[in-house]
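The structure under discussion appears below in the form of structure tokens.
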Amino acid sequence: MTAELIHRLHFAFTITFHYLFPQLTMGLALLIVVLKSVALKTGSEQWDRAARFWGRIFGINFVFGVVTGIPMEFEFGTNWARFSRLSGGVIGQPLAMEGVFSFFLESAFLGLFLYGEKRISKWMHWFSAVMVFVGSWISGFFIIVTDAWMQHPVAYDRLPNGQFEVLSFWQLLLNPWALLQYAHNMTGAVVTGSFVMAAVGAFYLLEGRMEDYARIFLKVGVIAGAVASVLIIFPTGDLHGKYVAHNQPAAIAGMEGLFHSEAGAGLVLMGQPNEETGQIDNPIVVNDALSFLIYGTTKAEVKGLDQIPRDQWPTALPLLFYAYHIMAGLGTWFVLLMIVAAFLLWRRRLYQSRWVLWALLLSFPLPYIANTAGWMTAELGRQPWLIYGLMRTSEGYSNTVSASNGLFTLLGFMGLYALLGLLFTVLIYREISRGPDAVAIPAAAHAE
Amino acid sequence: MMGFIWFWLVAVMIVAYVVLDGFDLGVGVLHLFLVRTEADRRVTLASIGPVWDGNEVWLLAGGGTLYFAFPLLYASAFSGFYLPLMIVLWLLVLRGISVELRNHIDVGVWRALLDGVFGLSSALLAVFFGAALANVLRGVPLQADGYFFLPLWTNWETGPHPGILDWYTVIGGIVALVALTLHGALWLTIKTSGELADRARRIVGPVCIQLAVLTVISLGATIHVRPASLDNYFNYPFTVVVPVGVVASLAGIWLFNRNAQPVKAFLSSCLYLFFMLAGACWGLYPTLLPASTGVERDITMAKAISGPHTLAVGLVWWAFGMTLAVGYVVFVYTRFRGKVDLTSTSH
């Protein structure tokens, strides 16, 4: 195995495991604000207890997000030193801003939200929930800005020593790619949060216990889930996809498995890209649909891989194709399921519809898969570039860190994260089994 | 000028990290042998529970600032110290998990395990941070391209092929372990009461004397390993206030603790850490990472600094953001001030 491959796997593994947690953090943060707001407005003790229960799950999830997030900032330097040396002046900024603007805020208000309820007013407790939400969503924004600059570099100049230099602070933050990706990604986080909340509600109803809470969870989860599932396809996914198509034609050709440029290109729903023969095996195709999706007309020509030099093809073409199709396929399922559930909720039949409850329960892992597949689509589509069009991945990894040393620490992370995964599952399962009534108001253990 | 500003801004963030996260690392070390009963363990953890996470943010914010202000240093040092940094990351993961989740688990065996993990990871982190600083002070075998790679150990000597660990950096690790343990003990004398606080107070005196001896040894060793560390002190004689400050703050720790003035003793310990780190930075300035392979390969401020516009833009948001951050920190510490009182479900 080459050092380049090991360093790529190292980052891919640690970031993929890490992002299982923040997507729930960011999604739940919004839903907890909803629960707290209803509780504050109606004075309902039950909604407050529901918020407290999700706060406890949020707290556990947050810890795993924090501890798996710390390695990410370091890996830019440890595993991607040559990239960091040249681009630190640009992407070091949003990464540092995440620490300065988001982490301090989150760490201050999360403690207050989780452990301070007894010593602050109801308003202040609601406010701390809002600040935790704001902090986590700011954090997401700076990470997206960092990634967006690698996908679509803007507002930069090159110094004589080769380093990238920021030319405009606001253009860096308001990179169109970043805004589209942020909208798409945060909607994805809400999909995860609402599917998890709805699944817990469905679980309780199917078990026939804690039914009052179950109805709250289902109501909030299904409404938020229906809205987010639609938004993630239209407009956020649609706009983001079109932007990718215009700026990264190689990525879109790889995602769609379009080997040959075509007017009236078809949309491949399923199949296996064959790089040897340059075609899709066992294809199921909707004629003209791809041209329509990108250009709004069925006759437009879509650029295929044949117009792209071979050394600029996405390096993991089949994986890119599958990742994109998994994301899109699951996204379609989310809309169908949530629209049906929302309709039944409106007709007041959801709580009795056991089939739909089962579907909601079993679907909770799917947004995690879809979010992961979405990120794989974005990052594999960027290949072979590290900074699109400017720096290749092969020029960016730490060439002083050998493949053997990289493998050593990659295996270390795999072992450690396997343990974390087990621990997380046990702790969350235990909270869900005990249910909201077991959660007392926690008191911060300090005298005034 | 920008280099000067950012050198000291990063230094300030590192000092803030060591002073703040230092006491909760020290509390972790004490968790291993000073804290014995379950009630004491809960009190100890509650004394750092609401703040340790925020303390660690200084490491991340400082790391990020280093990244954009001195990208060459960030890239070279992080890849060169690859193995120990990865071990530090694993320790940070284990420590965060153990301190936060201990009270979510009600099985005695697992709690004991997490207590052990918390204590050991805290102790090892203190050692690694001390050794890391010592590595920077000693210098590393920088190549012409600005990179290096250090194995964990070689022959334990500081010569041309050093490892991360040699006799000198081990001394650095021990100094850090003892200094942070003392720092943590002083924190416990402020935040706890009764028998636990008494026990913490009783170990401060002897540990303080050990630290004084170790400080002298580490100073001598530093001058032996890199005589150039003294240059700035000879060129600017007034900077002798730094070593004087080290001595005075050590005396302050000892005296204030004996007179049962825990807050002043703790603040003296903060000053001790400040003077030690400031002294180290001043010994390096304007070099950021000295080369054991020849002065011309040193990573200096001028070589590593980012572009002018990056730094000017950075200064604006940094000043704004850090003002906010300091506000949050003050807010949290005043919210959770006073002695820990375990009367109900706690952190």
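The values are calculated or read from the model by the stated rules, or taken from the named source; none is laboratory data. Since we're looking at a predicted model, the values are computed, not measured. Because the Cβ atoms are built from the backbone with ideal geometry, glycine has one as well, and the counts that use them run over all protein chains shown. To get the accessible areas, we keep the full protein, side chains included, count just its heavy atoms, and leave off ligands, DNA and RNA. Shrake-Rupley method; radii C 1.70, N 1.55, O 1.52, S 1.80 Å.
Given the condition over 20 Å from the mean Cα position of the chain (by Cα) and outside any helix (DSSP H, G or I), answer yes or no: does some residue in the stretch B:1-11 qualify? Don't jump to the end; show me each part of the working.
Step one: of the stretch B:1-11, the residues over 20 Å from the mean Cα position of the chain (by Cα) are B:1-5.
Next, only the ones that are outside any helix (DSSP H, G or I) stay: B:1.
So far as the stretch B:1-11 goes, yes, one or more of its residues are over 20 Å from the mean Cα position of the chain (by Cα) and outside any helix (DSSP H, G or I).
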Report the residue count in the stretch B:151-166 for those that are within 29 Å of B:Leu273 (Cβ to Cβ), open to solvent by 50 Å² or more (accessible area, probe 1.4 Å) and in contact (Cβ under 8 Å) with a residue 40 or more places away in the chain. 0
Looking at B:Ala248, B:Ala260, can you tell me which residue is loosely packed, with under 13 Cβ neighbours inside 10 Å, within 24 Å of B:Pro206 (Cβ to Cβ) and among the small types (Gly, Ala, Ser)? B:Ala260
For the stretch B:223-232, does any single residue satisfy the condition of being β-branched (Val, Ile, Thr) and open to solvent by less than 20 Å² (accessible area, probe 1.4 Å)? no
Yes or no: the stretch B:25-33 includes at least one residue that is crowded, with 24+ Cβ neighbours inside 10 Å, away from every other protein chain (no Cβ under 11 Å) and under 25 Å from A:Glu98 (Cβ atoms). yes
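Out of the residues in the stretch A:223-281 that are of a type in the set (Ser, Thr, Tyr) and within 17 Å of the chain's Cα centre (by Cα), which is least open to solvent (accessible area, probe 1.4 Å)? Even if it seems obvious, please write down each step before you answer.
Initial filter on the stretch A:223-281 (of a type in the set (Ser, Thr, Tyr)): A:229, A:236, A:243, A:261, A:277.
After this cut, where a residue has to be within 17 Å of the chain's Cα centre (by Cα) as well, the list is A:229, A:236.
Values: A:Ser229: 0, A:Thr236: 18 Å².
If we take residues in the stretch A:223-281 being of a type in the set (Ser, Thr, Tyr) and within 17 Å of the chain's Cα centre (by Cα), then A:Ser229 is least open to solvent (accessible area, probe 1.4 Å).
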Does A:Phe141 fit the bill of being touching a helix residue (DSSP H, G or I) at 6+ places or on another chain (Cβ under 9 Å), within 18 Å of A:Met72 (Cα to Cα) and either among the β-branched types (Val, Ile, Thr) or more than 12 Å from chain B (Cβ to nearest Cβ) (or both)? yes
Which ones in the stretch B:4-51 are of a type in the set (Ser, Thr, Tyr), over 24 Å from B:Gly64 (Cα atoms) and in contact (Cβ under 8 Å) with a residue 40 or more places away in the chain? B:Thr44, B:Ser47
Looking for something away from chain B (no Cβ under 11 Å), outside any helix (DSSP H, G or I), surrounded by fewer than 24 Cβ atoms within 10 Å (Cβ to Cβ) and small (Gly, Ala, Ser) - is there at least one such residue anywhere in the stretch A:35-47? yes
Please go through (1) open to solvent by less than 20 Å² (accessible area, probe 1.4 Å); (2) at pLDDT below 95; (3) over 22 Å from A:Gly135 (Cβ atoms) for A:Ala96 and return the number of the only condition it doesn't satisfy. (3)
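Name the residues in the stretch A:406-419 that are over 14 Å from A:Phe11 (Cα atoms) and surrounded by fewer than 19 Cβ atoms within 10 Å (Cβ to Cβ), would you?
First pass over the stretch A:406-419, keeping only residues over 14 Å from A:Phe11 (Cα atoms): A:415-416, A:418-419.
Scanning the stretch A:406-419 gives A:Gly415, A:Ala418, A:Leu419.
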Could you check, for the stretch B:92-108, whether at least one of its residues is open to solvent by less than 20 Å² (accessible area, probe 1.4 Å), within 24 Å of B:Val204 (Cβ to Cβ) and among the aliphatic types (A, V, I, L, M)? yes
Some residue of the stretch A:296-318 being in contact (Cβ under 8 Å) with a residue 60 or more places away in the chain, assigned to a helix (DSSP H, G or I) and open to solvent by less than 30 Å² (accessible area, probe 1.4 Å): yes
Would you mind listing the helices (runs of 4 or more DSSP H) fully within the stretch B:36-147 where at least 3 residues are within 8 Å of chain A (Cβ to nearest Cβ), more than 30 Å from A:Phe113 (Cα to Cα) and of a type in the set (A, V, I, L, M)? B:71-80, B:82-101
Just one of the numbered conditions (1) facing chain B (nearest Cβ under 7 Å); (2) touching a residue at least 12 places away in the same chain (Cβ under 8 Å); (3) of a type in the set (S, T, N, Q) is not true of A:Asn79; which one? (1)
Given the options A:Ser128, A:Ser136, name the one that is more than 8 Å from every other protein chain (Cβ to nearest Cβ), buried (at least 22 other Cβ atoms within 10 Å of the Cβ) and either small (Gly, Ala, Ser) or part of a loop (DSSP other than H, G, I, E, B) (or both). A:Ser136
Within the set of pairs 6+ apart or on separate chains, which have a first residue in the stretch B:97-120 that is of a type in the set (S, T, N, Q), a second that is open to solvent by 20 Å² or more (accessible area, probe 1.4 Å) and not in a helix (DSSP H, G or I), and C-beta atoms under 8 Å apart? B:Asn103/B:His347
If you check every pair at least six apart or on different chains, which have Cβ atoms under 7 Å apart with a residue in the stretch A:420-437 that is touching a residue at least 12 places away in the same chain (Cβ under 8 Å) and within 9 Å of chain B (Cβ to nearest Cβ) first and a residue that is among the basic types (Lys, Arg) and surrounded by 12 or more Cβ atoms within 10 Å (Cβ to Cβ) second? A:Glu431/A:Arg56
Among residues of the stretch A:179-217 being not charged (D, E, K, R) and not in a helix (DSSP H, G or I), the residue surrounded by the fewest Cβ atoms within 10 Å (Cβ to Cβ) is A:Gly208
Filtered residue count, the stretch A:115-125, keeping only those that are more than 11 Å from chain B (Cβ to nearest Cβ) and open to solvent by 40 Å² or more (accessible area, probe 1.4 Å): 3
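Going by what's in this entry, would A:Leu112 be described as at pLDDT below 95, facing chain B (nearest Cβ under 8 Å) and in contact with a Lys or Arg (Cβ under 8 Å, 6 or more places away or on another chain)? Outline the logic, then answer.
On the way: at pLDDT below 95: yes; facing chain B (nearest Cβ under 8 Å): yes; in contact with a Lys or Arg (Cβ under 8 Å, 6 or more places away or on another chain): yes.
It is true that A:Leu112 is at pLDDT below 95, facing chain B (nearest Cβ under 8 Å) and in contact with a Lys or Arg (Cβ under 8 Å, 6 or more places away or on another chain).
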Is the stretch A:100-109 home to any residue that is at pLDDT 95 or above, under 20 Å from the mean Cα position of the chain (by Cα) and either within 14 Å of chain B (Cβ to nearest Cβ) or in a helix (DSSP H, G or I) (or both)? no
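Of all residues being at the interface with chain B (Cβ under 8 Å from one of its Cβ atoms) and aromatic (Phe, Trp, Tyr) in the stretch A:61-76, which is surrounded by the fewest Cβ atoms within 10 Å (Cβ to Cβ)? Just the residue, please.
Narrowing the stretch A:61-76 to residues at the interface with chain B (Cβ under 8 Å from one of its Cβ atoms): A:63-64, A:66-68, A:70-71, A:73-74, A:76.
From what's left, aromatic (Phe, Trp, Tyr): A:64, A:74, A:76.
Values: A:Phe64: 28, A:Phe74: 22, A:Phe76: 26.
Among residues in the stretch A:61-76 that are at the interface with chain B (Cβ under 8 Å from one of its Cβ atoms) and aromatic (Phe, Trp, Tyr), the one surrounded by the fewest Cβ atoms within 10 Å (Cβ to Cβ) is A:Phe74.
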Every residue in the stretch A:380-405 that is open to solvent by less than 20 Å² (accessible area, probe 1.4 Å) and over 23 Å from the mean Cα position of the chain (by Cα), please. A:Met391, A:Gly396, A:Ser398, A:Val401
With respect to A:Lys219, determine if the residue is at pLDDT below 95, basic (Lys, Arg) and within 22 Å of A:Val38 (Cβ to Cβ). no
